[in-house]
Amino acid sequence: MMRDTPLPPGSTIGILGGGQLGRMLSASASRLGLKTHIYNDTPDAPAFHVAAKASVGDYDDLEAVAQFAEKVDVVTCEFENVPAAALEAAGAAAPVFPPVKSFEVAQDRLTEKDFISGLGIAVAAYSPVDTLSDLKDSILRVPPPALLKTRRFGYDGKGQARIHTLCEAESAWESIGEAPAILEGMVAFERELSVVTVRGRDGEVRFYDVVENVHKDGILDTSTVPANIPAALAAEAQAIAGKIAEALGHVGVLTVEMFQTGGDKPSLAVNEIAPRVHNSGHWTQDACLINQFENHIRAICGWPLGDVARHSNAVMTNLIGDEADDWGEYAAEPGTAVHLYGKAEARPGRKMGHINRISPKT
Ligand code: AMP
């Protein structure tokens, strides 16, 4: 159901998911005079602190999801693993953006790899694994070192096992809970890149500058712009993201994570996509006039897309676990913007906030 006219200020956006992404989406919506109603499965959601309305319910409680959707003007999501049935239930009561297709593709690593390679875009070598015997066959087709990744519900390196030799097949299969999986060749990448793109309801696409990402223990550590890559490679990365956004009929922010390989003759392979605002786009809050959160809100509400031009260089650093305890030091640092998510408990590996270190544009 496509609206021809933009949702006016005063309208309410329903957001499924109440984590830090929902919190930052909500803050951006409020700048535009829009309200948010957050739906989350636990009562201690960071986004509840900054929303006009909050509902607590399971994502599988389709009646509760439908009731929530009836009270809002448009529904969006801040995490990709929203059950398809919940999206359908919400969709019966209000327009839902991004479209279900974007979630179907992003939720399943096999569907995702098939979809992206079907567009003629390079991905790592991969093979589907449903049984231990599939895994042993796959090791012959996708030679180690390789990563066994569950098809669904993996994030930040969870649900993954490294395989160096055939002997490790059994223990790797057990370690991922014998769940449907893919075996994926390890890519000897030079660097990891991502493109945060936004597509409007009218099909207009805009790209933020390409980001260079460094992960630590499977979790994003830093995102740097500009990425230290040739302009032609940056253009290629953006073209890939645009092709995927187009093919999905995506509306909203879409993030595409890629590996750069090939030394002097660089090439790109897509790792994965996220049908949402992304940690590697947090730098846009302080280095662009219109950040990824506002552009997502603008896109799903049918507003004109905002200016994605970068006016500064930026290095975003995640504050994981007790790293956020040093907020006072970061707050005193010149050229640094501190963003904290209001989470009560700093568990190891938990994203508590981030800082953007800003410097003049080069
Ligand atoms: P993922 O959950 O697939 O995004 O994986 C998290 C991180 O693990 C990636 O950002 C990479 O740093 C690393 N990784 C994942 N897949 C591969 C691969 N096929 N080759 C090399 N590194 C990988």
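The values are calculated or read from the model by the stated rules, or taken from the named source; none is laboratory data. Computed from a predicted structure; not experimentally measured. As a convention, Cβ positions derive from the backbone with ideal geometry for all residues, glycine included, and neighbour counts pool all protein chains shown. With ligands, DNA and RNA removed, areas are computed over all heavy atoms of the protein, side chains included. Shrake-Rupley method; radii C 1.70, N 1.55, O 1.52, S 1.80 Å.
Taking the accessible area of region 1-156, probe 1.4 Å, and keeping the other protein chains in place, the carbon and sulfur fraction comes to 52%. Each other residue within a Cβ distance under 14 Å of Cys167 adds +1 if Lys or Arg and -1 if Asp or Glu, for a net charge of -1.
Working ranking of peptides 214-221, 12-19, 119-126 by packing, defined as the average number of other Cβ atoms within 10 Å per residue, highest first, is 12-19, 119-126, 214-221.
As a rough guide to protection, the peptides 335-346, 88-99 ranked by mean Cβ packing within 10 Å, highest first, stand as 88-99, 335-346.
Provide the per residue accessible area, probe 1.4 Å, for the chain, rounded to a whole number of square angstrom.
On the way: 15140 Å² over 362 residues.
I get 42 Å² per residue for this part.
Only helical runs count toward this figure. For the chain, summing -39,500 (n - 2.57) over DSSP H runs of n ≥ 4 and dividing by all residues gives -8000 deg cm²/dmol at 222 nm.
Full extension of the segment from Leu132 to Arg350, taken as 0.36 nm per residue of separation minus the current Cα-Cα distance, would add 75.2 nm.
Working from label points 7 Å from Cα in the Cα-to-Cβ sense, the Ala331 to Arg152 distance is 4.3 nm. The local environment of Thr284, defined by Cβ-Cβ distances under 11 Å, has a net charge of -3 under the rule Lys, Arg +1 and Asp, Glu -1. Label sites at Ala235 and Ser30, each approximated as a point 7 angstrom past Cα along Cα to Cβ, lie 4.2 nm apart.
Extension gain for His49-Arg162 works out to 36.7 nm (0.36 nm per residue, less the C-alpha to C-alpha distance).
Remark: relative contact order (region 5-55) = 40 percent; criterion is Cα-Cα distance under 8 angstrom and separation of 6 or more residues. Computed in the context of the full set of protein chains, the accessible area of region 254-362 at 1.4 Å probe radius has 53% of its extent on carbon or sulfur.
Take each uninterrupted DSSP H stretch in the chain, measure its Cα extent along the helix axis, and return the ones at 24 Å or beyond whose mean Kyte-Doolittle hydropathy is at least 0.0.
231-248
An oblate overall shape is assigned to region 274-362, the ratio a/c of its alpha-carbon gyration tensor axes (a ≥ b ≥ c) being 1.5 or greater and a/b not exceeding b/c. Karplus-derived 3J(HN,Hα) values for region 316-321, using 6.51 cos²θ - 1.76 cosθ + 1.60 with θ = phi - 60°, are 9, 10, 6, 9, 9, x Hz; glycine and proline are entered as x. Would you tally the net charge around Gly252, using a Cβ to Cβ cut-off of less than 10 Å, leaving Gly252 out, and scoring K and R as +1, D and E as -1? Net of charged neighbours comes to +4.
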